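Working notes for the structure below.
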Amino acid sequence: MTKNAQTAIQVGQHSEAGVKGLNDDACGVHIPEEPALSLKGICTVIADGVSQSEGGREASETCVRGFLGDYYSTPDSWTVKTSGQKVLGAINRWLYSQSQKAYDTERAMLSTFSAMVFKSSTVHLFHIGDSRIYRLRDKDLEPLTHDHRILASGSKTYLGRAMGAELTLDIDYKSVPVEVGDMYALMTDGIYEFVPGQTIKKLLQEYKSNPDKAAKAIVARALENGSDDNVTCQVIRVDHLPHLNEEDFYQHLTELPFPPELEPGMTIDGYRVTRELHASSRTQIYVAQDTDTGQKVILKTPSVNYSDDPAYLDQFLHEEWVGRRINNDHVLKIIDTQRRRRFLYYTTEYIDGESLREWMNAHAKPELEDVRNIIEQIAAGLRHFHRLEMVHRDLKPENIMLDKQGKAIIIDFGSTRIAGTEESHTPYEKNNILGTMDFAAPEYFQGFSGSNRSDIYALGVIVYQMLTGSKLPYGNALKASNLKRVRYTSVKHYAPEIPLWMDMAIQKSVNLDPEKRYERLSEFVHDLSQPNTEFANQKYTPYIERNPVGFWRTTAVVMLILNLILLFFYIKS
C-alpha cells in the first residue's frame, strides 16, 4: 500500500497525578500494522477513574486496556460503531459485576471514557462521562463531546454517567469527517476546569509541530493554575488522509498476475484441472484436484477481459475476503492452502449435488416439510452473514446448492455488502450490485444499499417460488416505475392447499416496505412452521375482492379473445 493509502497521525500524551498521591487517570493509543490499519483504524483512548471510588484506578486502566485490546479482536466486517459499542458493553458489564461484589460504594469500579477511532477519512467518537474531546480546525477550537454532569443544589454538579455505574450503558457516539491539519485534544476534567479554552487553543497552535510537547504544555498549565485533580491530555495531529488514485489502487490489487488460460490436465500451484464447470465474460470456474492431498476443489479465476479494471478486481478479491471470514456449514468454504500462490485465483470446497433451482424443477409439488427444511438451512447460513454485518444481496435458487445428503449451502459472495469495509476509502465509486431482478428487494431500486431485511425479502421469494412452481409474488419483476401499482398474489391462488397462516408469513416477508417485513430471520422461519397469532383473524380474500379492477379487466380481455375465436369459426363456417 502506498504511503498515502491510510490515515497518518502524530500522537502525544502526558499524565500526572498532580497534587494527589495516586493517578486514577489512564490513556493509550494503538496504531496497528496492516491489514488491521485499513480494516479497523487507529485508536486513542482516555479514561478518568472516579475519585470517590477506591476502584477508580483499576476501572480506568481496565477501560483503556480492554478497549485497545478487544476492539481489534472484533470481526473485520463490523462497523466501527458496532465494534466499539459491543466492546464497551462487555467492559461495562464486567466493571458493574465487580462493583456489585464490593462491600460498599467506595470500592465501586467507575470511570469516564472517551475514545477516537481514525478510519479512512472519518473519526468515530465514543464518550461516557465528563472527559472531553476538542478539535482545532484552522483557528476554531470546538468541543466534540458533551459533559454528562447533573446539576445538584446550587452550582454543585455530579457525574451523571460512567462506565460500571449501571448494567446498561448509554454511549454517546458520532462520526465526523477528518481534514489534514486537524488537531484533536482529549483531556480529563483536571485540565479543562483549570485551563480556559483560549489557552488550550493557543498551546495547540504553538506546539502544532510537536503533539507530545503540546500535551505536556497543557498538563503543565493546568498544574500551574492550581488543578486539584489528576491531569491527563492526549494531542493528535492529522498529517495524511487516504487519497489513492486509481493507478495506485490498481497496482495494489494486481500484486499477483492473472493465470494463463486453463485446460484439463494443466496444473497451477499444485491444483490439476480436471474440467471446466462454468465460463462467462467475468469468471471461469474449474473442477480441480489438489495434487498433494487428492482433494477435489473448485478453482475460480478472473476473466482477462477485466485485467485493467480495478473495480472488477476489487470485487473479485472481495468475494474471497467474505468467504474467508464465514465459517458455517451452510456457507461455501474457501480453501486456504499453505502453498504460495503465483496467480490471482481462489479455491473453494467442491459440492457434489445440484442447485436449488434444479431441485425445484424436479419437485414441482414439494412436501411442505421439505420446503421448511431447506429454508431453515438457508436461514442458518444467512444468519451468519447478518451477525457479521454482511448482506448477501444475491440470494436466489441458483446460488444455493444441495449436496447428496440434502444439505443446503449458500454460494457466490460477489454482491455481498460489508458494513465495515464501506467505511474505507477507494478511488472510485463502487457499483451497487443488486443481484438478480426477480429476487432483488424493492429498496434497491430506490437507491438504498439494503439490509438484512433485503435478504429476508429474497428468501421469501424463494419460498414463494418453491410452493408455486417458480411464480413471483408480484407477477413480473419489480421496477422502480411499478412499485406503487403492483399487488401481492396469494400463494393460495396457485396452491390452495397451503395454510393461510403460512401464506401470510410469506406475504410479510416480501412486503414492499422493509420496515413491515420480519426484523429477524428466526421469526420468519418460526412462522413458516407454526401459526402466528398475528395472522389468526386473517381470512383469504379472493382475487376479485382484492383487486376488482384487475379481475374485471382480465375477464374482459379473456371474453374478447373468446368472442373473436367464435367469430372466426362462425365466418369460416
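The values are calculated or read from the model by the stated rules, or taken from the named source; none is laboratory data. Please read these numbers as outputs of a predicted model, since none were measured by experiment. Here Cβ is always computed from backbone atoms with ideal geometry, including for glycine, and neighbour counts include all displayed protein chains.
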Original post:
Of all residues in the stretch 243-271, which are surrounded by fewer than 14 Cβ atoms within 10 Å (Cβ to Cβ) and either among the acidic types (D, E) or at pLDDT 90 or above (or both)?
Top reply: E246, E247, E255, E261, E263, P264, G265, T267
Subject >> Lone unmet requirement of (1) assigned by TED's automatic domain parsing to the domain that holds L277; (2) touching a strand residue (DSSP E or B) at 6+ places or on another chain (Cβ under 9 Å); (3) under 26 Å from K404 (Cα atoms) for R342 >> reply: (3)
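Filter the stretch 389-410 down to residues that are in a loop (DSSP other than H, G, I, E, B) and surrounded by fewer than 18 Cβ atoms within 10 Å (Cβ to Cβ), then give me how many there are. Give the steps one after another, and end with the answer.
From the stretch 389-410, those in a loop (DSSP other than H, G, I, E, B) are 389, 392-396, 404-407; that's our starting set.
With surrounded by fewer than 18 Cβ atoms within 10 Å (Cβ to Cβ) added as a condition, the list becomes 404-407.
Here the count works out to 4.
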Subject >> Selection count where residues are in a helix (DSSP H, G or I) and surrounded by fewer than 22 Cβ atoms within 10 Å (Cβ to Cβ), scope the stretch 357-374 >> reply: 12
**OP:** Looking at (1) surrounded by 12 or more Cβ atoms within 10 Å (Cβ to Cβ); (2) at pLDDT below 95; (3) part of a strand (DSSP E or B), find the lone condition where L136 falls short.
**Re:** (2)
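Could you list, in sequence order, the residues of the stretch 23-48 that are in contact (Cβ under 8 Å) with a residue 60 or more places away in the chain and not β-branched (V, I, T)?
Within the stretch 23-48, the first condition is being in contact (Cβ under 8 Å) with a residue 60 or more places away in the chain, and the residues that meet it are 23-27, 29, 38-48.
N23, D24, D25, A26, C27, S38, L39, K40, G41, C43, A47, D48, listed by residue number.
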**OP:** Select from the stretch 320-344 the residues that are assigned to a loop (DSSP other than H, G, I, E, B) and within 22 Å of E398 (Cβ to Cβ) and list them in ascending order.
**Re:** I326, N328, D329, H330, L332, K333
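Counting residues that are of a type in the set (A, V, I, L, M, F, W, C) and closer than 12 Å to T347 by Cβ, which strands (runs of 3 or more DSSP E) fully inside the stretch 264-319 reach at least 3? Break it down into steps so the answer makes sense when it comes.
Details: elements: 271-279, 283-290, 296-302.
Here the list reads 283-290, 296-302.
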Original post:
Where in the stretch 33-120 are the helices (runs of 4 or more DSSP H), entirely inside, with at least 1 residues that are among the basic types (K, R)?
Top reply: 56-70, 80-101
**OP:** Find the residue count for the stretch 432-481, including only residues that are of a type in the set (S, T, Y), assigned to a helix (DSSP H, G or I) and over 22 Å from V371 (Cβ atoms).
**Re:** 1
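I need the full set of residues from the stretch 463-490 which are among the basic types (K, R) and either in contact with a strand residue (DSSP E or B) (Cβ under 8 Å, 6 or more places away or on another chain) or free of Cβ contacts under 8 Å to residues at least 24 places away in the same chain (or both), in order please.
Going through the stretch 463-490, the residues among the basic types (K, R) turn out to be 471, 479, 484-485, 487.
Listed by number, the residues that qualify are K471, K484, R485.
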